[in-house]
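**Student:** The structure under discussion is supplied below as structure tokens; questions concerning it will follow.
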Ligand code: HEM
């Protein structure tokens, strides 16, 4: 027995939480048992839609500390001043599986970080890979359809997966990473994170540079053996979720060093490929890593639903000093995430504790479903006004930038999808190549059309002749003559 009274959701004490009210000892249940009705009805509404991608995940709280002042590049306060500390929250995830799917499947890992800065929240919604499969947002829904379940069988469909990839050779670099040892991290603690896209940093003088984020795990990179991963998927599908929770619970706080690559603004016009193309990495010889700070995870959520399921991240959640680049994927994402949040959590998702900025959000957004704070009270609700409401701050306008050209549906100029994928293959040891080829052969075997396999073999061959030849051999096929002759 405790001193705390069990109450209804309207706060009235509950007399009996074990027996519903019936007409007589054996009689049917009475509709006047409104507590029972409320209990059953609320239970029916316990789920919100799962994320359309990245449904399965886990999260943790922590802090970020600047170790190298970035004020020469960005005025964003969270990166200014050595020693500056900012609270943050991270959510790790897999991409394609549903909420209950196994953590140890081969998939990119989501690496979504929310910084609660003194100038509002800043989200880096990245992955554990520096590149992505496609480079234009218009292809994303089609791509994800192939990663999800077949509309008839409700099974995963390898034919659709490889059909899409073979028709989208820009995916080759990311496919090669995914099929390598890095496709199944040992734990979330043992993987790097990347912002992947190019972003713009602007300093207090209004000067801009292009930037890419790298979170380097201080636990070291470790991956899982495929057989162990398959065994764990059956025996402990929540293996990564459990690992992170337990590590933090016992005080073994994981940390990452945040580094950036910085490209002078004008280099974007002359670099040897389009630096906004998210299927490519920038050479670290050209743009070396610069240390920025350190992120440490030191606190588990108290409540999974409130803090992890209701967390909403968006690449558009930006603070002064950080702006988007013209990357065509990033531009589409600027719409997709806030829209998903409004659908999945609600129009007032940013007022929930996990999403709410640590500074006051002062604006004239009012009302809407589940408005549970004071809703601005009686304060002025429009702008401009004569009653002292919050006003705009012109110093926080974006840095102006020039645009030119003819509006049209245009592809990226660059069609070399092969050099970076081939470089990756050539960097691997013989053992790593053998495992990569075996993973690809295993994944492509169930594809029902040889035409698709041959098209994809052609791409691997163009990246590296040995790479393509070994996959063709594994599948019992020949590299298409048209590719070999080129
Ligand atoms: C989650 C769309 C590309 C990383 C999501 C969600 C949507 C989405 C709708 C679910 C959001 C929610 O329900 O709260 C898109 C679109 C893309 C794209 C339209 C391309 C145009 C990418 C890329 C990355 C990425 C390139 C990484 C570099 C993530 C992560 C999450 C996510 C980490 C999970 C966020 C969380 O933990 O809540 N994406 N995505 N996505 N996406 Fe993307």
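Only the coordinates and a few stated rules stand behind these numbers; no lab work does. Only a predicted model underlies this, so the values are computations on that prediction, with no experimental measurement involved. Don't worry about glycine lacking a Cβ; one is built from the backbone with ideal geometry, like all the others, and counts go over all protein chains shown.
**Student:** Rounded if a/c is under 1.5, else prolate if a/b beats b/c, else oblate: with a ≥ b ≥ c from the C-alpha gyration tensor eigenvalues square-rooted, which is segment 419-485?
**Tutor:** Oblate, since a/c reaches 1.5 and b/c is not below a/b.
**Student:** Note down the nm distance, to one decimal, between modelled labels 7 Å out along Cα→Cβ at residue 167 and at residue 477.
**Tutor:** 1.6
**Student:** Quick one: check the C-alpha center-to-center distance for segment 398-419 versus segment 241-284, whole angstrom.
**Tutor:** The two parts, judged by their Cα centres, are 23 Å apart.
**Student:** By how many nm would the segment from residue 98 to residue 304 lengthen if fully extended, with 0.36 nm per residue of separation less the alpha-carbon distance?
**Tutor:** Going from the current span to full extension adds 72.5 nm.
**Student:** If I take R0 = 45 Å and measure r between the Cβ atoms of residue 21 and residue 360 in this structure, what FRET efficiency does the formula 1/(1 + (r/R0)^6) give, to the nearest 0.05?
**Tutor:** FRET efficiency, residue 21 to residue 360: 0.45.
**Student:** From a point 7 Å beyond the Cα of residue 204 in the direction of its Cβ, which residues of segment 296-324 have a backbone N at a distance under 16 Å?
**Tutor:** Answer for segment 296-324: 320-322.
**Student:** Right, another one. Based on the mean of other Cβ atoms within 10 Å per residue, sort peptides 262-273, 337-348 so the most packed one is first.
**Tutor:** Top of the packing list down: 337-348, 262-273.
**Student:** Follow-up question, since we're still on this one. Given points 7 Å out from each Cα along the Cα-Cβ axis, report the residue 398 to residue 82 separation in nanometres with one decimal.
**Tutor:** Distance between the two pseudo-spin positions: 3.5 nm.
**Student:** Ranked highest first by the average count of other Cβ atoms within 10 Å around their residues, in what order do 420-430, 178-188, 372-382 fall?
**Tutor:** Going by the mean number of other Cβ atoms within 10 Å, highest first, we get 178-188, 420-430, 372-382.
**Student:** Give me the distance between the Cα centres of segment 76-131 and segment 297-372, rounded to whole Å.
**Tutor:** Taking the Cα centre of segment 297-372 as reference, the centre of segment 76-131 is 13 Å away.
**Student:** Now, a different point. Compute the relative contact order of segment 419-485 as a whole-number percentage, counting only Cα pairs closer than 8 Å that sit 6 or more residues apart in sequence.
**Tutor:** For segment 419-485, the relative contact order is 35 percent.
**Student:** To continue, here is another question. In deg cm²/dmol and to the nearest 500, what is the mean residue ellipticity at 222 nm of the chain if only DSSP H runs of at least 4 residues count, each as -39500 (n - 2.57), divided by the residue total?
**Tutor:** -8000 deg cm²/dmol
**Student:** Just to confirm the number: angle between the C-alpha axis of helix 226-235 and the first principal axis of the chain, 0 to 90 degrees, nearest 10?
**Tutor:** Helix 226-235 sits at roughly 20 degrees to that axis.
**Student:** For the chain, what is Rg from Cα atoms divided by 2.2 N^0.38 Å, rounded to two decimals?
**Tutor:** 1.11
**Student:** Sticking with this one: Using a Förster distance of 45 Å, how high is the FRET efficiency between residue 445 and residue 249, based on the Cβ-Cβ distance and rounded to 0.05?
**Tutor:** Taking R0 as 45 Å, the efficiency between residue 445 and residue 249 is 0.60.
**Student:** I would also like to ask the following. If I take every Cα pair under 8 Å that is 6 or more residues apart in the chain, average their sequence separation and divide by the length, what percent do I get for the relative contact order?
**Tutor:** The normalised contact order for the chain reaches 17 percent.
**Student:** Still on this structure, I have one more. Can you figure out the FRET efficiency of residue 72 with residue 429, using R₀ = 35 Å and their beta-carbon distance, to the nearest 0.05?
**Tutor:** Step by step, r from the Cβ atoms, then E = 0.35.
**Student:** Grab the eigenvalues of the alpha-carbon gyration tensor for segment 232-328, scale each by 5, take roots, and send me the semi-axes largest first in whole angstrom.
**Tutor:** 35, 17, 16
**Student:** Ok, one more. May I ask you to derive the relative contact order of segment 362-482, considering only C-alpha pairs under 8 Å and at least 6 residues apart, and to give it as an integer percent?
**Tutor:** Over segment 362-482, the number comes to 18 percent.
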